[in-house]
Every structure is written in structure tokens, then in C-alpha cells.
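The values are calculated or read from the model by the stated rules, or taken from the named source; none is laboratory data. Everything numeric here is computed off the predicted structure, so don't read it as measured data. In this analysis, Cβ positions are derived from the backbone assuming ideal geometry, glycine residues included, and neighbour counts consider all displayed protein chains. Calculation scope for accessible area: heavy atoms of the full protein, side chains included, ligands and nucleic acids excluded. Shrake-Rupley method; radii C 1.70, N 1.55, O 1.52, S 1.80 Å.
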Amino acid sequence: MWREIRAVKTNIKRIVKANRRFKDYVIGTFNDPYRRKVIRSRSAYTILRFLKRVRARRGGDCPEFAMRGILDAARLARPRSVLFVVTDASAKDARLKYAVARYLRSKKIRLFAVKVGRMCGRRYRREFEFLARQTGGRVLRFRRRVNFRYLMRFITKAVYGKVAFNSMPSSGARLRRLRPRCPADYYKLEETVRVCKCSNGTDQTKPPPRVVGSLAFTIDNTGSMWREIRAVKTNIKRIVKANRRFKDYVIGTFNDPYRRKVIRSRSAYTILRFLK
């Protein structure tokens, strides 16, 4: 599995950066013997640090404890999650598939299985197809390991919202030829302008919104938040320039231990100097 692990490590940064659909991330590993090793975090830094320590260990001892790995990840995941399992072996604990399926359904978690290689030959009893069918997921079979990078590109588009997870095909060849399809819970929205009739019969566009209150940002400035801080710094100029609704701005930070550091100002220069 070293190629697949390397592909995940290589592509996880762009997946995290593209994410617009999920609140956080769950990463788990499984092997034989099984040792619970799974984390959940909103921090890209924490996820990348966890993945950096993941190594392909042992080999040839087929099958593996896949069901326990899936169950531990599902217990840590939030309801209505999407769970990917990547393996080249059948499940040594396949008898647990019914309990795993019940738990996944109870949290409305969809399972997408990616099978690579021989899957232990005759020992495989299609347990991943069972879980995918029970949870509304899909099973993707790779006969060529080089196709794994196309899967990572697909996941990147799916977390951004460009394609639906359910549009994941069943083979690597189809994955390369995939045409984007709008997700079921996304709709194309067209902005409309409301108009009103004046006394003279002419049309008048909707008046500008009423100016109210402050636009406030309070920012966690711990080390793991450096991407978000950079994003605020990068975009605050265009936000201030576009503002038509708020009278002034409030910017504050917090950390552990907490020290009060907050300002309010109508001056874009003052706000930018604070953020710098």
C-alpha cells in the first residue's frame, strides 16, 4: 500500500484547501494486528502531521482488520459524513459487516471503498460492496495503481462541490473519462434584481441595503491557524472595499492564555495595520 499512502500524502493538501462541504477531517489506519489509530481535526496542520508519520509496514499477511478500522473512523466522524476506505486486502473481521452497516446507517455515513490489487483472492467475500450498498456509497476497483492519482483529483472536485460523490465510477478507466455532474444538494442559482414601478411608470432598481452595525472578526491566532490568518489578511482589502452594509469593523484575536486584543474602527488603514 506504499504507493496509495504516498498518493494520499501528496494530494491531501489540495483536498483540504479545496474543501467547501465538510466541517472537519477523520484519518485512521488499520493493519494486522489491529491497533486503534485515528484522529479527527479541523486543523490542516494536525492532519498533515498525522499523515507524515503513516508508513506502510509489514506485508503479505492477507487479510486485514478493515471492519474495525472503518468502525473506529465512523465513531469519530460526525453524522452525514463521507468515509473512504482504501485497501488491497479483504477483511479478516468480515463477520462484523452487519454491525458496521447498522452503525453507518444510524449516523447517515456513506462509505466509498477503493479496492486495489487482488484483494486476497478467494478470501474476499464482497464485504465492501455490501457496506457501500447499505449506506448509499460506491466501490471503485483499480487494476492499475497509477489510477490512484485520478481518485485524489476526483475527491478534490467533490469536496469543492464541482461533482457529486455518487458520480464516482466503478473503474479507473471510467474515472479518467469522468464528466462533472452537479451534486444533488447543490443548485444553480441565478441572481435576480427586484424592481419597483415609480409614479412616472419607469423602473427603479432595488435600493442599496440599510447600513447597520459592525462587521466583526475574532480570530484564533494559534500556530495551526496560519492558513486562515493568511486568508483573512489577503482578502480583507477587497472586503472593506466592497462593504455597503456595515458602519465599521471589529477585529480581535484570542489564544491560550487569553489576552484581550481587539479594536474597532471605520478606517481601513487602521484595520489593515492591526492585521499586519
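Summary table below
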| item | result |
| --- | --- |
| Selected residue (only one of Ser106, Ser90, Ser81 is more than 25 Å from Val159 (Cα to Cα) and either not assigned by the TED database to the domain that holds Phe22 or not charged (D, E, K, R) (or both)) | Ser90 |
| Single match in Asn166, Asn221 (criterion: out of contact with any helix residue (DSSP H, G or I) (no Cβ under 7 Å at 6 or more places or on another chain) and either over 30 Å from Ile263 (Cα atoms) or at pLDDT below 80 (or both)) | Asn166 |
| Members of segment 100-153 found to be open to solvent by less than 60 Å² (accessible area, probe 1.4 Å), at pLDDT below 85 and under 20 Å from the mean Cα position of the chain (by Cα), listed by number | Val114, Phe148, Tyr150, Leu151, Met152 |
| Selected residue (criterion: nearest to Ile47 (Cα to Cα)) from residues of segment 223-276 that are in a loop (DSSP other than H, G, I, E, B) and open to solvent by less than 100 Å² (accessible area, probe 1.4 Å) | Asn255 |
| Condition check for Leu96: free of Cβ contacts under 8 Å to residues at least 60 places away in the same chain, assigned by the TED database to the domain that holds Ser167, surrounded by fewer than 19 Cβ atoms within 10 Å (Cβ to Cβ) and more than 25 Å from Gln134 (Cα to Cα) | no |
| Scope segment 39-49; condition buried (at least 18 other Cβ atoms within 10 Å of the Cβ) and farther than 22 Å from Pro79 by Cβ; matching residues | Ala44 |
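Conditions (1) modelled with pLDDT under 80; (2) more than 27 Å from Lys162 (Cα to Cα); (3) buried (at least 16 other Cβ atoms within 10 Å of the Cβ), marked per residue:
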residue: Lys23; (1), (2), (3): no, no, no
residue: Ile27; (1), (2), (3): no, no, yes
residue: Asn31; (1), (2), (3): yes, yes, yes
residue: Tyr34; (1), (2), (3): yes, yes, yes
residue: Lys37; (1), (2), (3): yes, yes, no
residue: Arg55; (1), (2), (3): yes, yes, no
residue: Cys62; (1), (2), (3): yes, yes, yes
residue: Phe65; (1), (2), (3): no, yes, yes
